[in-house]
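Peer 1: Sharing a structure below in structure tokens format, with a few things to ask.
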Amino acid sequence: DFALDDIFFAPFTFKRDSVNITVDKSATVSSDNVSVCPGNSVQLNATGAVNYSWSPASGLSSTSISNPVASPVITTEYYVTGTSVNNCTAKDTVLVTVNSLPKVIASKSNDIGCASDKSTLNATGALSYSWTPAINLSNPLIANPVASPADTTKYIVTGTDVNGCVNKDSVTINVTKTGQSLYLMPTAFTPNGDGINDCYGSNNCTY
């Protein structure tokens, strides 16, 4: 038998520890919407992650890099998933808008003959224009230059719109030559546009 006083009570010892839980916010993906003209390409750019995956794959040069080249036929929304070093993921979208081509239309005021030795070209549908060939044009960089070609000439106009998209059209000025340079008056004339004796006065037409 032993008394309660004979029992040895060891003191209790409490220990503490801690664990830090870090929320990985490194997987952030940022990208901007872009536009492109038909038939052209544009480079996409995503940032904020280590690895990337793009979809759909159609029109992309690569689906696994941060900056693939996109050549979509129609307006397309691309999805990009970015993965951080800790395998956390984030997503973003990029809208690639395919702009329409400008509807460039070229026209002329008239053909060239005895009745008129000049013709005014005219282009519509774009913001700026460039005509070729530039020879015998009053200004090849305006919408409506005056042309005075010596021979029948096909003029091509390139129009650029506000988005930088380009389209072309053409118009031909026909040059009618009715004779060598002479000073004579026809005995009868009918300036009615039927092609017979429409020119009168001094004849300065040349072959």
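Peer 1: For Ser58 and Ala150 in one chain, what is 0.36 nm times their gap in residues minus the Cα-Cα distance, to one decimal in nm? Intermediate results must be reported in sequence, preceding the final value.
Peer 2: Numbers: separation 92, 0.36 × 92 = 33.12 nm, distance 5.13 nm.
Length gained, Ser58 through Ala150: 28.0 nm.
Peer 1: Round to the nearest 0.05 the FRET efficiency obtained for Asn51 and Thr97 when R0 = 25 Å and r is the Cβ-Cβ distance. Numbers along the way, then the final one.
Peer 2: Working: r = 27 Å, r/R0 = 1.08.
E between Asn51 and Thr97, to the nearest 0.05, is 0.40.
Peer 1: Residues of segment 143-172 with amide nitrogen under 12 Å from the 7 Å Cα-to-Cβ point of Ser116?
Peer 2: Residues 146-148 qualify, since their backbone N sits under 12 Å from the label point.
Peer 1: Using packing as a proxy for protection, rank 39-47, 75-83 so that the peptide with the highest average count of other Cβ atoms within 10 Å comes first. Spell out each step's value before the answer.
Peer 2: On the way: 39-47: 15.0, 75-83: 17.7.
Packing proxy ranking, top to bottom: 75-83, 39-47.
Peer 1: Follow-up question, since we're still on this one. Can you count the Lys pairs in segment 61-183 with C-alpha separation below 13 Å, eight or more apart or on different chains? Show your work: numbers first, answer last.
Peer 2: Numbers: Lys103/Lys168; Lys108/Lys118; Lys108/Lys154; Lys154/Lys168.
Lysine pairs meeting the criterion: 4.
Peer 1: How many nm is it between the label spots at Lys168 and Ser30, if each spot is 7 Å from the Cα in line with the beta carbon?
Peer 2: Calculated label separation equals 4.2 nm.
Peer 1: May I pose another question? Run the accessible area of segment 42-125 with a 1.4 Å probe and give the carbon-and-sulfur part as a rounded percent. Please list the in-between numbers first.
Peer 2: Details: 2230 of 4430 Å².
Carbon and sulfur together cover 50 percent of it.
Peer 1: Considering only DSSP states other than H, G, I, E and B, which trypsin sites (Lys or Arg not before Pro) in segment 80-176 qualify as loop sites with at most 15 other Cβ atoms within 10 Å?
Peer 2: Values: sites: Lys91, Lys103, Lys108, Lys118, Lys154, Lys168; in loops: Lys103, Lys118.
The qualifying sites are Lys103, Lys118.
Peer 1: Here's a follow-up. So what does Ser107 come to for accessible area, using a 1.4 Å probe and Å² rounded to 10?
Peer 2: Probe radius 1.4 Å; accessible area of Ser107 about 50 Å².
Peer 1: How much accessible area per residue does segment 42-189 have, counting only protein heavy atoms and a probe of 1.4 Å, in square angstrom? Please report the intermediate quantities before stating the final value.
Peer 2: Working: 8240 Å² over 148 residues.
On a per-residue basis, segment 42-189 sits at 56 Å².
The values are calculated or read from the model by the stated rules, or taken from the named source; none is laboratory data. Please read all numbers here as calculations on a predicted model, not as lab measurements. As a convention, Cβ positions derive from the backbone with ideal geometry for all residues, glycine included, and neighbour counts pool all protein chains shown. Remember, those area values only see protein heavy atoms, side chains included, never the ligands or the DNA or RNA. Shrake-Rupley method; radii C 1.70, N 1.55, O 1.52, S 1.80 Å.
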